[in-house]
Amino acid sequence: MSSIVAGLLLAGGLFFILVGAIGVLRLPDFYTRLHAAGKCDTLGMLLSLVGLMVYEGPTLNGLKLLLIWGFILLASPTGTHVLSRAAYRVGLKPWMREEG
Amino acid sequence: MTYFFLIASGLVALKIILLLFRVLRGPTIFDRMLGTGVIGTGVILLLLLLGFVTGREDMYIDMAMAYAALGFIGYLIVAKYFERKGDIDG
C-alpha cells in the first residue's frame with residue numbers, strides 16, 4: 001500500500017520536474033525562466049522527496065530525507081531570489097511585448 | 001519497485017540533458033548559472049534514486065545531503081561574484 005502511494009507521489013514529482021525543465025528551455029526571457037526553475041522545479045523535487053519518504057518509512061534514513069526536504073524547501077527559492085536580484089542590479093532588462 | 005526507480009532516474013537524466021541546452025545556448029551569464037543550479041537539484045534527486053536502486057540508500061542519502069549543501073553555497077557565491085563583476089554577456 002505504501003509503495004503505491006510512494007509511486008504516485010514520485011510520478012507527480014517527476015511530471016513537475018519535466019515540465020519545469022521544458023519551461024526553462026522554451027520561455028523567452030531570463031526572468032520568466034526563473035519562474036519555471038524556482039517554482040515548478042522546486043515543487044517537483046519536494047513531491048518526489050515526499051514519495052521517497054513514504055517508501056522509506058519512519059527510520060533514520062527517513063529523518064535524513066526529511067532534513068533534505070526542509071533544506072530544499074528553504075534554499076531553492078532563496079537561491080532564485082539572490083540570482084534574480086543580482087541580474088536586476090547588473091541591469092538586465094525584462095522582456096516586454098512589443099506595442100502594436 | 002526497483003524498475004520504477006530505474007525509469008525515474010532515466011527521466012531525471014533526461015531533464016539534465018535538456019538543461020544542458022540552456023547552459024550552452026543561454027545568451028546571458030545568468031541563464032547559464034540558472035541552468036547549472038537546476039542541474040544541481042536534478043543531481044540530488046538522481047543520487048537518491050540510484051541509492052534506492054542499488055539498495056545502499058544509507059550512503060547515497062549522505063552524499064545527497066552534502067551535495068545539496070555545497071551546491072547551494074556555491075550558487076550564492078557565484079551569483080554574488082557576477083553581481084560585483086557587472087558584465088552580462090558570456
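All of the numbers you see were taken from the coordinates with simple rules; none came from a lab. Values in this document were obtained by computation on a predicted structure and should not be read as measured data. Heads up, the Cβs are rebuilt from the backbone with ideal geometry, glycines too, and the neighbour counts pull from every protein chain shown.
Structure remark: mean-square fluctuation, Gaussian network model of chain A, C-alpha springs under 10 Å; the largest value among A:L43, A:L27, A:L60 belongs to A:L60.
Work through the residues other than A:A87 whose Cβ is under 14 Å from its Cβ and net out their charges, Lys, Arg +1 and Asp, Glu -1. Don't skip to the answer; put the middle values down first.
Numbers: positive: A:R33, A:R85, A:R89, A:K93, B:R32, B:K80, B:R84, B:K85; negative: A:D29, B:D31, B:E83, B:D87, B:D89.
Net of charged neighbours comes to +3.
Shown in residue order for the range A:45-60 are the 3J(HN,Hα) couplings computed by the Karplus curve 6.51 cos²θ - 1.76 cosθ + 1.60 at θ = phi - 60°: 5, 5, 5, 5, 5, 5, x, 5, 5, 5, 5, 6, x, x, 10, 5 Hz (x for Gly and Pro). Take the Cα of A:Y31, step 7 Å along the line toward its Cβ, and report every residue of the range A:64-100 whose backbone nitrogen sits under 19 Å from that point. Only A:77-100 fall inside the zone, counting backbone N under 19 Å. For chain B, the orientation-averaged shadow of the C-alpha convex hull comes to 5.9 nm² (one quarter of the hull surface). Relative contact order for the range A:16-100: 31 percent, from Cα pairs under 8 Å spaced at least 6 residues apart, divided by residue count. I'd like the orientation of helix B:2-25 relative to chain B: the angle between its Cα long axis and the longest Cα principal axis, in ° from 0 to 90, rounded to 10. Taking Cα atoms only, the helix is inclined about 10 degrees. Sparsely packed loop sites in the range A:29-100 (the GluC sites (Glu not before Pro) outside DSSP H, G, I, E and B with at most 11 other Cβ atoms within 10 Å) comprise A:E98, A:E99. The dipole here belongs to the protein assembly as shown: it is taken about the Cα centre, uses +1 on the Cβ of Lys and Arg and -1 on the Cβ of Asp and Glu, and is about 400 debye. The chymotrypsin sites (Phe, Trp or Tyr not before Pro) of the range A:14-100 that DSSP puts in a loop, and whose beta carbon has at most 13 other beta carbons within 10 Å, are A:W95. Hey, what D do you get for the protein assembly as shown in µm²/s if you plug the Kirkwood alpha-carbon radius into Stokes-Einstein at 4 °C and 1.567 mPa s? Answer from the Stokes-Einstein relation: 76 µm²/s. Farthest toward the positive end of the dipole of chain B, out of B:A66, B:I77, B:I88, is the Cα of B:I88, where the dipole comes from beta carbon charges about the Cα centre. For the range A:1-43 versus the range B:1-64, the spacing of their alpha-carbon centroids is 12 Å. Residue-wise HN-Hα couplings along the range A:90-97, as the Karplus relation 6.51 cos²θ - 1.76 cosθ + 1.60 with θ = phi - 60° gives them from phi, are 6, x, 6, 8, x, 7, 10, 5 Hz; Gly and Pro carry x. Against the main long axis of the alpha-carbon atoms of chain B, helix B:57-85 sits at an angle near 10°.
Under a Cβ-only charge scheme (Lys and Arg +1, Asp and Glu -1), can you give me the dipole magnitude of chain A about the Cα centre, in debye to the nearest 20?
With only Lys, Arg, Asp and Glu charged at Cβ, the dipole is about 240 debye.
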